[in-house]
Amino acid sequence: MKKLLALLLILALVPAAAQADLPDISGLSYDELVQLKDQINLAMWISKEWQEVEIPIGVWEVGKDIPAAHWTISPRDVDYGGIHYCEKLDDTGKSTDLNFQFYSTSIIHEEHRFADQGIHQADIEMKSGWYFINDIPVIFTPYTGKPSLGFK
């Protein structure tokens, strides 16, 4: 019984110990938080773990061709086109099997002449064994969170 209580006490203290090194940001103003967020993003972008990978047009298996992770996907060039993420491919092996789960959207480069008519990037939490299909070259970058919408 004592061992069980000791184990429960240790488990209860692990989250507190894990957060002990984090600074307390509860007293920061909105502007200070925005500045901190920008500094954190910059630090992540220059870290060794940051990667930006160009994916050519094709059909790719997550976990084999693309690591399973949360990715932000953007057009490589001043272009627009479709991206598809699906649980299973159809019989051709080139398209989404619509009988299974899938996500499909078009993305358009920010500098494209019709940029105001579409989304500029997508973020997808990709699972091993699923497929990614793109009909334009795209750039994968690690997902860094939702952008700030500016609400007060």
Taking every other residue with Cβ under 12 Å from the Cβ of Val138 and scoring Lys and Arg +1, Asp and Glu -1, one gets -4
Size of the dipole of region 107-149 about the Cα centre, Lys and Arg at +1 and Asp and Glu at -1 on the beta carbon, nothing else charged, in debye to 20?
120 debye
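Every number in this text was worked out from the coordinates using simple rules, so none of it is lab data. Remember, it's a predicted structure, so these values are computed and weren't measured experimentally. Note that each Cβ is placed from the backbone with ideal geometry, even for glycine, and that neighbours are counted across all protein chains shown.
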